[in-house]
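J.: First the structure, which I've put down as structure tokens, then a few questions once you've had a look.
What follows is calculated from the coordinates using simple rules that are stated; it is not laboratory data. These numbers were taken from a predicted model, which means no experiment stands behind them. Please note: Cβ atoms are built from the backbone with ideal geometry, for glycine as well, and neighbour counts cover all protein chains shown.
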Amino acid sequence: MPAIVIGARRMSRDSELYLILDAGGQSLRARVHDQHGQVKAESGQAIASDEQADGRVTLDGEALVEAAWQVLAQVADELGSRCSQVAMAGLAVQRGSVLCWDRKTGQALSPVFSWRDRRGFDLGDREREVLARRVRSESGLRFSPYGGAAKIRWSLDNLPEVQAALQDQRLAAGPLGSFLLQRLLDSSPLLVDDTLAQRTLLWSRRDCDWSNALLEAFGIPRRILPEVVPGTHEFGYLGKPFSGVPLRTLVGDQNALAWLGGAGREQCLMINVGTGAFMLRPTATPLLAEGFQTSFLERDQGGCYALEASIHGAASALEWLARREGEAFAPDRLAGLRRRCPDPPLFLNAVDGLGSPWWLPGIEPEFIGQADADGRLLAVLESIVFLARINLEHMESASAPVQRILVSGGLSRSPDFCQLLADGLGRGIERLDDGEGTAAGTWCRLSRADAALLNWTPFEPAESASLEQRFQSWRAHMPPEPEMAPARTLAR
């Protein structure tokens, strides 16, 4: 096998290692894969968020940078002399998180506004309708408070440090991924990829660049935003302890799931059950379907897209339940839960608002029926499954039937939850065993390896009349679903 040279790093392809940094909604993780997908080192730190009753959810940018360096140092210690075998790195980042920072020093000037943060600016009904149509046409996404543009606008209007930096021509604003690039790479670049840029609601799918029309609509100067580049790009080189390792992939965390489907990804549905649960159906062309997002994946071959569904309350719904009950959720409670609770109540899961296909903010979560703590836990888990089933039905109504369902995320580590998901969907699923779908998908994209090398476990559905009855009853209590029509292709 010939050797390859990367900077001053010379190695056999057989010995190459790949470093993945994953900045998610609940934790920041680093892991190192070999060419066969085996994990050779990993480290992670929980990310604390500040959650206010008025829907404001923020994180500390400087703490995130410190956590990134710490997990990188920990995996370097675990690798030891094998650090020299790390050929390249990839960065996957929670998509909706944005902040403002000083482009000269890299210092954060605002909190990191989580995707769950719903602050923004007031619009009349007519203004909102016009802006929503423009955002949908330009970016492919729905106008919602979860997009980054309104939070950047809020910072420009309300934060004196941000206003001073704008006046002094030293303000940078944009996705968390751009901030991390500037702080982690030795050249301090100001760059962003398409998948993160799209989530700001300021990006044009036609130009793969910032949209002048949307910048004007939100009142955001182009000069403060990073340069938009493809997700596969020479972003720069990491500092110590991985000095000289090029970072060659930047991607929004959920978008990375598409690479788990390999060459046949357009027949797949990817479900990632993290803070929220996201469902991606890759498509060759940009499809517009009522109730779904049209997410951009990559520029290769003229552009690849995905229909995307969003379930806002997944792990965040379990956190909501833990706060309500005054007791932290213990994962081992899932084992045997369905046997212990044959008749749980229903849970109208509107934690963080109802996502697709309704897109209704401001609805309060609610239990229907009485139960003990285990019954309420099962009701929350079933609600996640029921929301996934609604979205699967609508997605298949709008496009072709799904051939494979690939599942990842923290909750998927529970075989009991995976069996509940298979039973509730009435479909077989394949579970990525270590649950880290974002990291695995980023590895597939970075290394161009086949996800079949990873460890998967199948779950076949079992019929359950009681589960089906609860689903139908739950559906009747939910708001009416939008009528679905076949998806149409968006004009390029």
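J.: Taking R0 as 35 Å, what's the FRET efficiency between residue 188 and residue 158 from their Cβ-Cβ distance, rounded to 0.05?
T.: Details: r = 27 Å, r/R0 = 0.77.
Calculated value: 0.85.
J.: What does the extension gain come out to for residue 332 and residue 393, with contour length at 0.36 nm per residue minus their alpha carbon separation?
T.: Working: separation 61, 0.36 × 61 = 21.96 nm, distance 3.08 nm.
Roughly 18.9 nm would be gained on extension.
J.: For region 272-411, place one equal point scatterer on every Cα, skip the solvent, and apply the Debye formula. What is log10 of I(q)/I(0) at q = 0.09, 0.20 Å⁻¹?
T.: One equal scatterer on each Cα of region 272-411 leads to -0.31, -1.19.
J.: Treat each spin label as a single point 7 Å out from the Cα along the C-beta direction, and report the residue 400 to residue 477 distance in nm.
T.: A separation of 3.9 nm, rounded to one decimal place.
J.: In 10 Å bins starting at zero, report the fraction of Cα pairs in region 332-432 per bin as a rounded %.
T.: Here the calculated profile for region 332-432 is 14, 42, 36, 8, 0.
J.: So how much slack lies between residue 107 and residue 339, counting 0.36 nm per residue of separation and subtracting their Cα-Cα distance, in nm?
T.: Details: separation 232, 0.36 × 232 = 83.52 nm, distance 5.23 nm.
The residue 107-residue 339 span can extend by a further 78.3 nm.
J.: What share of all Cα pairs of region 3-252, in percent, falls into each consecutive 5 Å distance bin?
T.: Distribution as computed: 1, 6, 14, 18, 18, 15, 11, 8, 5, 3, 1, 0, 0 percent.
J.: Calculate the radius of gyration of the Cα atoms of the chain to one decimal place, then report Dmax, the largest Cα-Cα distance, as a whole number, both in Å.
T.: My reading of the Cα-based Rg and Dmax gives 21.9, 66 Å.
J.: Then there is this: If you build the convex hull over the alpha carbons only and average its shadow over all orientations, what do you get for region 121-194? Give it in nm² to one decimal. Intermediate values should be presented prior to the final figure.
T.: Working: hull surface 24.8 nm².
Hull-based average projected area comes out at 6.2 nm².
J.: Around residue 319, what is the net charge, scoring Lys/Arg as +1 and Asp/Glu as -1 over all other residues with Cβ under 15 Å from its Cβ?
T.: Numbers: positive: 116, 323, 324, 333, 376; negative: 50, 51, 325, 327, 352.
Neighbour charge sum, excluding residue 319 itself: 0.
J.: On alpha carbon coordinates alone, what is the Rg over Rh value for region 212-338, Rh being the Kirkwood radius? Can you show the working numbers first?
T.: Working: Rg = 19.4 Å, Rh = 18.2 Å.
When Rh is taken as the Kirkwood radius, the ratio is 1.07.
J.: What are the ³J(HN,Hα) values, in whole Hz, obtained from phi via the Karplus relation 6.51 cos²θ - 1.76 cosθ + 1.60 with θ = phi - 60°, for each residue of region 165-182 in sequence order, with x given for Gly and Pro?
T.: Result, rounded to whole Hz: 5, 4, 4, 8, 6, 10, 8, 10, 8, x, x, 3, x, 5, 4, 5, 4, 4.
J.: Taking the mean number of other Cβ atoms within 10 Å as a proxy for protection, how do you rank 108-119, 281-292 from highest to lowest?
T.: Numbers: 108-119: 23.3, 281-292: 20.7.
Answer by packing, highest mean first, reads 108-119, 281-292.
J.: Can you list the lysines whose alpha carbon is less than 27 Å from that of residue 151, not counting same-chain residues fewer than 8 positions off?
T.: Result set, ordered by chain and number: 104.
J.: Here's something else I'd like to know. Given 4 °C and 1.567 mPa s, compute D for region 176-226 with the Stokes-Einstein relation, Rh being the Kirkwood radius over Cα pairs; round to the nearest whole µm²/s.
T.: Details: Rh = 11.5 Å.
It comes out at roughly 113 µm²/s.
J.: For residue 52 and residue 462 in the same chain, what is the full-extension length gain: residue separation times 0.36 nm, less their Cα-Cα distance, in nm? Walk me through the intermediate numbers first.
T.: Working: separation 410, 0.36 × 410 = 147.60 nm, distance 4.12 nm.
Roughly 143.5 nm would be gained on extension.
J.: While we're on this one: Can you list residues from other chains, or at least 5 along the same chain, whose modelled amide H is less than 5 Å from the amide H of residue 239?
T.: 186
J.: Turning to a different aspect of this structure: Dividing the convex hull volume of the alpha carbon atoms of region 363-492 by its residue count, what do you get in Å³ per residue?
T.: On the way: hull volume 21.5 nm³, N = 130.
Taking the convex hull of the Cα positions in region 363-492, it is 166 Å³ per residue.
J.: Could you state the principal axis extents of the C-alpha atoms in region 41-159, from the largest down, to the nearest angstrom?
T.: 62, 31, 29
J.: Taking just the alpha-carbon atoms of region 187-259, what radius of gyration and Dmax come out, in angstrom?
T.: Spelled out, the Cα radius of gyration and Dmax of region 187-259 are 13.9, 43 Å.
J.: Give a residue-ordered list of calculated ³J(HN,Hα) values for region 92-104 (Karplus: 6.51 cos²θ - 1.76 cosθ + 1.60, θ = phi - 60°; whole Hz; x for Gly, Pro).
T.: Couplings: 10, 9, 3, 6, x, 6, 9, 7, 10, 8, 7, 5, 7 Hz.
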